[in-house]
Amino acid sequence: MSIKYVGRPVDRLDGRAKTTGQARFAAEHPYPDLAHAALVHSTIARGRITAIDADAARAAKGVIEVLTHENAPAMKPPPARSLLNLSTMVIGTSVNYLATDEVHWNGQPVAVVVAESPEAARHAAGLVRVTYEELPAVVDFAAEVPNATPQKGNALMPAAADKGDAEAALAAAPVSVDLRFTTPPHNHNAIEPHATTAVWDGDRLTLHEGTQSITWLRSHLAQRFGVPPRNIRVLSPYVGGGFGGKGSVWAGTLLAVLAARATKRPVRLVLTRAGVYHTVGGRTPSTQRVALGAESDGRLTALIHTSVARTGRVGGGGEQITSASRHLYDSPNIRLRQSLVQLDLLSNTFMRAPGESIGTFALESAVDELACELGMDPVELRMRNEPARNPMDRKRFTHRMLREAYEVGAERFGWRERDPRPGSMRDGRWLVGMGVASAYHPAFQLPANVTVRLGADGGVVVRCGLHEIGVGAATVQAQIAADELGVPLESVRVEVGDSELPEGPMAGGSGQTASAAASVMEACRKLRRAALDLARKSPDSPLRGVSAPEARDGGLFQGASGETYAAILTRAGRDHLEVTAGGGMLRFMAKTVRERSRWVKAASGAQFCEVRVDRDTGEVRVSRWVGVFDVGTVINAKTVASQLRGGIVMGIGLALSEETLVDPRTGRIVNASLADYHVPVHADVPRIDVHCLDEPDPTMPLGLIGVGEVSITGVGAAVANAVRHATGKRVTDLPITLDKLLPL
Ligand code: MOS
């Protein structure tokens, strides 16, 4: 019997390259005549450039060129967003950089300096003097909330959904809560800041870029620079963290490509940390209302969830803030609304569980508050309202194990030890609190094309233009291919992150692994078939009379008879066998629409959190965490646990410290640095116990559901609920900083 790799905690295949520094990221590719770019950012939110004085910058040592709207070569304008062309959905903004004197947000790039060194470029960027005519700008989200209008054009979810009459049911409910929540904007802080190395050779472009969507990036660049997509090669074998921030095409990439074209030099642009804040979108802020009505036994009679979020006037889109409220609780009356305001700020973008992360903060905080009102255990309240079918439309769940997640989680966490009275659990000066919340994220897939090649030496090469954004994406596909073909993992190589590979899925929506797995499995099946057909053509093959051999031990066997792939190919005089699998977007969309009309499928989980709150200072420390998840089949216990843990860490940031501060007078982000924008560090993160139920989803390839996003959902609420338990205070305004708790 061959060793099976699926399910095992296999080490990442790229681990050695990364830990020894062999892995080259986008900013690490040497070119002999490489030039370096730096951006000049606008200092007003809205208006026109009346003058740019770049003389001092041009005269500075090492400066090659300063590009402004007065002298930059033209790019074609960005195409309009359209669902018929998904590549247009990843356009960061609709601004035609350096082709216009218009300014649309504070921080928009208005000039690019190209110099012989990064230091010279940055120094000269500081010498560019820009004069503006300022126009009134709308930048204060809180002030604009009353002007919100219904969200339009979110392909993933309609903005409004109703069942029954929720307002009337709420008014009539014997027990109810009605809460308002606010969450701040968040910014992306991947370890690798966005970086581009752009090299033109005539009208051919080579681009080294850390991206979550090589194909769509290539297609966007082709449109902007007027060359066919085949002239552009995007290389992105390693990405130092994505989280959605590298899913869209932002100014830095376009301007590096433009600068390389203008100067006829290879150009590298590495955004400063502040540059990431000013040119790469982040998470929308929100205001939300969640109101719940219940019978005195806890059964919900009304669920209302409304939200207001923001986009930029020049880009961005609605997020799925009420998503979990469509699926988590049975209620005869449900009312959901998502609204938007447009501001003169950089557009929002995908950021790990866009919508769900902050939507579950509100929903799951309100459910906890209802449990307090009812005097009922919050786990028990959730179990009483666990639906048998999807609450909005009675569709079947393909798979639902929230009940099991809570049972296992309560046991692992020691939930029974909890004294429900607020402030009743103490450890010296620390008030101890325990909170729970549900996690929920829909399953999502895209088409993936792959080739699998089997060599006469028994080596297997899987090729797919997918993205290794630091999660072990290539490793799990190698495990799957090794099992499907019955070969050792060491003999499988997976090539990713190159636009010359067969077109893969974008790394987004937690869908990449399942998308690629479906095609890898299909290709491996074809390859087994092709190998068997080849063997059976030979009168000497032990597989001659065999119809359904097993793939194992590096070949095909039935009982004792069979032979290795190497033997099959060698006898046939073949150097290799190669097959392809996958399919186009249209066929895929049709399948998705069909499935969605029948089923609802998602990853889910139960988050258990313990906090300690300092009685005197209000300092909140997360002291224990248990997350139990239903993510279908676990392909790699190690990388899955790491991904789930990472989402919880990011959620702890959302709960306790992360907040982008926008000056309401100027629209400037004033904390655009890791010193002022606080992501959790090791000292903020306890040991996190992650457990997966590991039951296959019957409708997904190998039964796996994506793991990228589900684990950040529910985290904000689990922390807030634990703080409520520790202190008796319900904080509805993220982040939960000590000023919102004092005096205790
Ligand atoms: Mo994700 S926010 O779809 O990278």
Among the listed pairs K163/K601; K18/K638; K537/K591; K638/K729; K152/K246; K395/K591, which have their C-alpha atoms separated by more than 27 angstrom in this model?
K537/K591; K638/K729
Kirkwood Rh over alpha-carbon pairs of the stretch 536-685 plugged into Stokes-Einstein at 10 °C, 1.306 mPa s gives a D in µm²/s of 71
Taking the Cβ-Cβ separation of D733 and R596 as r and a Förster radius of 41 Å, what is the calculated FRET efficiency to the nearest 0.05?
0.70
When the Karplus curve 6.51 cos²θ - 1.76 cosθ + 1.60 is applied with θ = phi - 60°, which whole-Hz ³J(HN,Hα) does each residue of the stretch 621-633 get, with x for Gly and Pro?
10, 7, 9, 8, 9, 10, x, 10, 10, 9, 10, x, 5
Using just the C-alpha positions of the stretch 102-163 as equal point scatterers, what log10 of I(q)/I(0) does the Debye formula give at each q in 0.26, 0.30 1/Å?
-1.16, -1.24
Could you give me the percent of Cα pairs per 5 Å distance bin for the stretch 656-704, shortest bin first, beginning at zero and ending with the bin that holds the maximum distance?
4, 15, 13, 11, 9, 8, 10, 12, 10, 6, 1
Equivalent ellipsoid semi-axes, the stretch 610-697, via Cα gyration tensor eigenvalues times 5, rooted, Å:
31, 19, 10
The orientation-averaged projected area of the Cα convex hull of the stretch 203-286, in nm², is 6.1
Compute the distance from the alpha-carbon center of the stretch 128-147 to that of the stretch 469-515, in whole Å.
45
With all distinct Cα pairs included, what does the Kirkwood hydrodynamic radius of the stretch 22-113 come out to in Å, to one decimal, could you say?
15.7
Could you pull the Cα extents of the stretch 243-326 along its three principal axes, largest to smallest, in whole Å?
73, 23, 20
Find the percent of Cα-Cα distances in the chain that exceed 36 Å, and round it to a whole number.
46
Consider all pairwise Cα distances in the stretch 79-188 and report the whole-number % of them above 18 Å.
76
So what is the 222 nm mean residue ellipticity for the chain from helices alone, if each DSSP H run of at least 4 adds -39500 (n - 2.57) and you divide by all residues, rounding to the nearest 500 deg cm²/dmol?
-8000 deg cm²/dmol
If I compute solvent accessible area with a 1.4 Å probe over the protein chains, what percent of it on the chain is carbon and sulfur?
52
Between A439 and residues 5 or more places away or on another chain, which pairs have amide H atoms under 5 Å apart, with H built 1.01 Å from N, and which residues are they?
G605, A606, Q607
Answer with one residue from I736, G653, T699: the one whose Cα lies farthest towards the positive end of the charge dipole of the chain, charges on Cβ with Lys, Arg +1 and Asp, Glu -1.
T699
Working from the pairwise distances between different alpha carbons, so that the mean of 1/r is found and then inverted, what is the stretch 638-744's Kirkwood radius in Å?
16.1
Calculated from backbone phi, Karplus (6.51, -1.76, 1.60) coupling profile of the stretch 592-600 in Hz, x at Gly/Pro:
5, 4, 4, 4, 5, 6, 10, 10, 10
Long-range HN-HN contacts of Q320 with modeled amide H, under 5 Å:
G355, E356
Mind putting a number on the dipole of the chain about its Cα centre? Charges go on the C-beta only, +1 for Lys and Arg and -1 for Asp and Glu, and I need it in Debye to the nearest 20.
1320
Over the stretch 215-299, with the other protein chains present, what is the accessible area per residue in square angstrom, probe 1.4 angstrom?
25
List, in order, the whole-Hz ³J(HN,Hα) value for each residue of the stretch 284-291 obtained from phi through the Karplus relation with A = 6.51, B = -1.76, C = 1.60 and θ = phi - 60°; use x for Gly and Pro.
5, x, 8, 10, 9, 10, 10, 10
Going by amide H atoms built from the backbone, whose H comes under 5 Å of the H on R46, apart from near neighbours?
L135
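The values are calculated or read from the model by the stated rules, or taken from the named source; none is laboratory data. Every value quoted in this text rests on a predicted model; they were computed, and no experiment measured them. Here the Cβ is made from the backbone with ideal geometry for all residues, glycine too, and neighbour counts use every protein chain on show. All accessible areas refer to the heavy atoms of the entire protein, side chains included, with ligands and DNA or RNA removed. Shrake-Rupley method; radii C 1.70, N 1.55, O 1.52, S 1.80 Å.
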